[in-house]
1. If I ask for residues that are more than 11 Å from the chain's Cα centre (by Cα) and either under 19 Å from A:A221 (Cα atoms) or within 11 Å of chain B (Cβ to nearest Cβ) (or both), which ones from region A:93-102 would you list?
2. Please go through (1) within 14 Å of chain B (Cβ to nearest Cβ); (2) of a type in the set (F, W, Y); (3) under 18 Å from the mean Cα position of the chain (by Cα) for A:Y142 and return the number of the only condition it doesn't satisfy.
3. Go over the candidates A:A118, A:A148 one by one and state the one that is surrounded by fewer than 16 Cβ atoms within 10 Å (Cβ to Cβ) and closer than 23 Å to A:L60 by Cα.
4. When you go through (1) at pLDDT below 90; (2) in contact with a strand residue (DSSP E or B) (Cβ under 7 Å, 6 or more places away or on another chain); (3) within 13 Å of chain A (Cβ to nearest Cβ); (4) farther than 19 Å from B:H17 by Cβ one by one for B:G31, which number turns out not to apply?
5. Please find, among B:V10, B:V28, B:V37, the residue that is surrounded by fewer than 16 Cβ atoms within 10 Å (Cβ to Cβ) and within 29 Å of B:D78 (Cβ to Cβ).
6. Go through region A:1-18 residue by residue and tally those that are within 7 Å of chain B (Cβ to nearest Cβ) and either surrounded by 13 or more Cβ atoms within 10 Å (Cβ to Cβ) or at pLDDT 90 or above (or both).
7. Which of the numbered conditions does A:N27 fail, given that it passes all the others? Conditions: (1) under 23 Å from A:W214 (Cα atoms); (2) of a type outside the set (D, E, K, R); (3) assigned to a helix (DSSP H, G or I).
8. If you scan region B:82-110, which residues turn out to be facing chain A (nearest Cβ under 10 Å) and either at pLDDT 95 or above or not in a loop (DSSP other than H, G, I, E, B) (or both)?
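The values are calculated or read from the model by the stated rules, or taken from the named source; none is laboratory data. These numbers were taken from a predicted model, which means no experiment stands behind them. Reconstructed Cβ throughout: ideal geometry from the backbone, glycine too, with neighbour counts over all protein chains shown.
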Amino acid sequence: MDVAVHRTKVRIVEGVLDANDTIARANRGDFDRAGVTVVNLMSAPGAGKTSLLESMLADLGVRVGVLEGDVQGSVDADRIAGHHVPVTQINTDPGFGGECHLDANMVRSALPSVPLEAIELLVIENVGNLVCPAEFRVGEDYRVMVSAVTEGEDKPLKYPLMFRTADLVLVNKIDLLPHLTFDLDRFLYHLEAVNPRVERIFVSARTGEGVEDWCDWLRRAATRVRVRA
Amino acid sequence: MHELSLADAVVAIARDHARGRRVTSVEVKVGALRQVVPDALVFAFELVAAGTNVEGAELEIEHVPARVRCARCDLESDVKAFPLACDRCRGLDVEITGGDELLVESIELDEEPLTVASSRR
């Protein structure tokens, strides 16, 4: 008796991130129904995301909630809690020993503890990482990335996906420019190459320079009418 | 390493369509604009597939070049490096028409072994 093994090719054409994007759309639906604008805040570790969040909380004039993403601990959430703003911490260490980014499912699992009905703006502070967070939509309206001048002017070329999917680039730590050989023109030239005409704000969370422009941007984002598809 | 998350999704999609049958190969399309290191994806794929009906399957990666359509002169052209500019007029007002893919294109399955009829009377 002969046995023949028959091989079949099955055409699939399914996006690898489709499952994530479906959950991201579900999140977006929840945010839209509650009338909440959502910002996904991303950067390399130590570029100043949390400091820039803290800098705007006092004077924003918009009800803000924060969702903190870190591999471990609640250091950032504790800092934000000190400003009397609803904050939820997501730790990614239960997944794969420390997932390096937030995905739509992680954000969805945290939503029950976010008071969407009591806020107009939700800032999701992503895990510090210039690579992976750019790949995973979580249901945000806007992507804001922070690039500190201490990181050097070649970052846009090295991490094009992060820079080109940003709606706003916050160039942080400008108070340190006199102490650095950072070439701002060169940085902006590289930024133009990967994301032409992207909005950018020069800030220093430490001195407060540019923070009012950052607040203005957030106020406009929170009150902008979003077109429903 | 996010190739692990991506590999997890690739294996899940393959298993979903294989419905218990053994998978011998998985073809994926990875656009040039995605941040995927092919070796890392293959390595992660093998890790995730271990112990499942996808174990031992070959991961075939087809690289798709970045392609843009110029809003100014309507030309569609391949792009090899940033800036994403029209090949003819160097305009930056372009729509990305290729290179953003991250797809499971197809899988190859072993069907149930067939018994070829023998000359039995």
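1. Those that are more than 11 Å from the chain's Cα centre (by Cα) and either under 19 Å from A:A221 (Cα atoms) or within 11 Å of chain B (Cβ to nearest Cβ) (or both): A:G95, A:F96, A:G97, A:G98, A:E99, A:C100.
2. The number of the failed condition is (1).
3. A:A118
4. Of everything listed in (1) at pLDDT below 90; (2) in contact with a strand residue (DSSP E or B) (Cβ under 7 Å, 6 or more places away or on another chain); (3) within 13 Å of chain A (Cβ to nearest Cβ); (4) farther than 19 Å from B:H17 by Cβ, B:G31 misses just condition (1).
5. Every option except B:V37 fails the conditions.
6. 10
7. (1)
8. B:V94, B:I96, B:L102, B:L103, B:V104, B:E105, B:S106, B:I107, B:E108, B:L109, B:D110
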